[in-house]
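Reading through the structure tokens given below for one structure.
The values are calculated or read from the model by the stated rules, or taken from the named source; none is laboratory data. Just so it is clear, the model here is predicted, and its values are computed rather than measured. Note that we place each Cβ from the backbone using ideal geometry, even for glycine, and neighbour counts take in every protein chain shown. Calculation scope for accessible area: heavy atoms of the full protein, side chains included, ligands and nucleic acids excluded. Shrake-Rupley method; radii C 1.70, N 1.55, O 1.52, S 1.80 Å.
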Amino acid sequence: MLNDKTVVLGVSGSIAVYKAADLASKLTQAGAKVNVIMTESATRLVAPLTFHSLTDRPVVTSMWQAREAGIGHITLADTADIVVIAPATANTIARLAAGIADDMLTATVLATRAPVIIAPAMHTNMFRNQITQDNLARLRARGFTIVGPARGRLASGATGEGRLVEIGEIIDAIEKTLQKSADLSGKRIVVTAGGTQEPIDPARHIGNRSSGKMGFALAEAARDRGAEVTLITAPSHLPEPGGVAVVRVTTAAEMKAAVAKAVKQADALIMAAAVADYQPKSRAQAKIKKQSPEMTLELVRTPDILSEVTGSFIKVGFAAESEDLVANAQKKLKQKGLDLIVANDITEPESGFGADTNKVTMIDKEGNAESLPLMSKREVAERILDKVAGMGENPP
Ligand code: C5P
């Protein structure tokens, strides 16, 4: 797994830094090209020469020294198959979470498209501090993998959470992530996102509360696992993910046309969009004036995209429910001929529309139901893609 892989090993200034030398050595022995980047404080604890000797490659200690060594400021970011930060201090984690790029390590992480693993090491109180917890949650939500920390004796003499995990555990995480980062490689995945808008007149529409976050997280996660992704999105304020073909639509009918076109060559369709069920029967050409105290808007059904678009691809649907979650989702799975349905209870405060987190139950064709705890939408996306990748081995 590691042979010929390019690993950026970021080393920050925790006393556990000496263990990173062992990690650099083991990765090199396994055939990886290990490019070590040290923060300024890491160089106070271990000499760069240690890493240079173990990896037989240049060690970067600052942007300027990298420049002098002929290494461009994003070269390491571009060429990495994976970035591992071990040990990661509370300070480095905070800088990464804030998107700071004032040294070679943080700049590389900000610029890379490669998966990133973080192995924190710090005093228990720093780790338990809500600020650090928030920073880690933020990174996790961006798709970073956090390994550890472990419990045990700390440099201060106290015992608690905060020790760097065993090197073997970091290597396991690297191998698992590398495997995952390619498990959808060559697969074409179509993801829909956002809530459709059905115009009433030039100024108004019928809409819903979908933010697009779940669909965008799915598109980003699928891209990071090697898939060729088309994201068909109803209006959303989220920034367009890089490396994904984005198709913008407004109405259910437009979404249907875009989906029908995109699925022709797709291996999977994941419909995370909240598609309107009804649209105004006719669209007024001019803005409707207020006249009588009451007005009636006549609505007709929109096309049911999932049911109507057919082909030999894996079909995943979502079911936003406010009651009888599993039973209703199961019904939709059958009705719409799905391989998997992801049901979420929209009455839970931290789940569903607009939230960064989601609490879902995944139900497959065989009737297996798996309830996941509350997690970030990115993590939910990964779990859904684990299922899709598994089905890809035995396509429907
Ligand atoms: O609206 P409903 O609960 O039936 O949505 C379940 C699934 O069907 C979702 O994945 C949604 O994107 C999809 N859907 C669709 N076309 C519609 C309505 C919903 O494809 N008109």
Identity of the residue in the stretch 75-85, surrounded by fewer than 23 Cβ atoms within 10 Å (Cβ to Cβ) and not in a loop (DSSP other than H, G, I, E, B), that ends up modelled with the lowest pLDDT: 75
Near pairs, Cβ below 7 angstrom, 6+ apart or cross-chain, from the stretch 240-262 (more than 19 Å from residue 222 (Cβ to Cβ)) to any residue that is of a type in the set (S, T, N, Q) and within 12 Å of the ligand (Cβ to nearest atom): 250/196; 251/196; 251/279; 252/196; 252/279; 252/302; 253/302
Residue in the stretch 184-203 that is under 16 Å from residue 382 (Cβ atoms) and open to solvent by 50 Å² or more (accessible area, probe 1.4 Å) present: yes
Selection from the stretch 339-357 of residues that are more than 20 Å from residue 224 (Cα to Cα) and at pLDDT below 90: 344, 345, 346, 347, 348, 349, 350, 351, 352, 353, 354, 355
Pair list, Cβ under 6 Å, 6 or more apart: the stretch 326-338 residue in the same structural domain as residue 384 (by TED's automatic domain parsing) and among the small types (Gly, Ala, Ser), other residue open to solvent by less than 60 Å² (accessible area, probe 1.4 Å) and near the ligand (Cβ under 8 Å from one of its atoms): 329/319; 329/341
Per-region count, the stretch 187-219, residues among the polar types (S, T, N, Q) and at pLDDT below 95: 3
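Working carefully through the options 288, 314, 305, find the one that is among the hydrophobic types (A, V, I, L, M, F, W, C), open to solvent by 40 Å² or more (accessible area, probe 1.4 Å) and either away from the ligand (no atom under 14 Å from the Cβ) or in contact with a helix residue (DSSP H, G or I) (Cβ under 6 Å, 6 or more places away or on another chain) (or both).
Answer to the check: 288.
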Qualifying residue in the stretch 107-117 (condition: hydroxyl-bearing (Ser, Thr, Tyr), modelled with pLDDT of 95 or more and within 28 Å of residue 226 (Cβ to Cβ)): yes
Failed item in (1) loosely packed, with under 14 Cβ neighbours inside 10 Å; (2) more than 27 Å from the chain's Cα centre (by Cα), with residue 242 passing the rest: (2)
Condition broken by residue 320, with the remaining ones in (1) at pLDDT 90 or above; (2) aliphatic (A, V, I, L, M); (3) within 16 Å of the ligand (Cβ to nearest atom) satisfied: (1)
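Counting just the residues of the stretch 272-285 that are open to solvent by less than 100 Å² (accessible area, probe 1.4 Å) and of a type outside the set (Gly, Ala, Ser), which one comes out farthest from the ligand (Cβ to nearest atom)?
Going through the qualifying residues, I end up with 280.
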So residue 229, is it touching a residue at least 60 places away in the same chain (Cβ under 8 Å) and assigned to a strand (DSSP E or B): no
Selection from the stretch 349-369 of residues that are of a type in the set (Asp, Glu) and either touching a residue at least 12 places away in the same chain (Cβ under 8 Å) or surrounded by 16 or more Cβ atoms within 10 Å (Cβ to Cβ) (or both): 350, 356, 364
Test: residue 141 is under 16 Å from the mean Cα position of the chain (by Cα) and not assigned by TED's automatic domain parsing to the domain that holds residue 78: no
From the options 199, 235, 149, residue that is within 26 Å of residue 132 (Cβ to Cβ) and in contact (Cβ under 8 Å) with a residue 24 or more places away in the chain: 149
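Could you tell me whether the stretch 291-300 includes any residue that is open to solvent by less than 60 Å² (accessible area, probe 1.4 Å) and either within 15 Å of residue 384 (Cβ to Cβ) or modelled with pLDDT of 95 or more (or both)?
Yes, some residue in the stretch 291-300 is open to solvent by less than 60 Å² (accessible area, probe 1.4 Å) and either within 15 Å of residue 384 (Cβ to Cβ) or modelled with pLDDT of 95 or more (or both).
Identify all residues within the stretch 259-271 that are open to solvent by 20 Å² or more (accessible area, probe 1.4 Å) and either of a type in the set (D, E, K, R) or farther than 10 Å from residue 231 by Cβ (or both); write none if there are none.
Those that are open to solvent by 20 Å² or more (accessible area, probe 1.4 Å) and either of a type in the set (D, E, K, R) or farther than 10 Å from residue 231 by Cβ (or both): 260, 261, 264, 265, 267.
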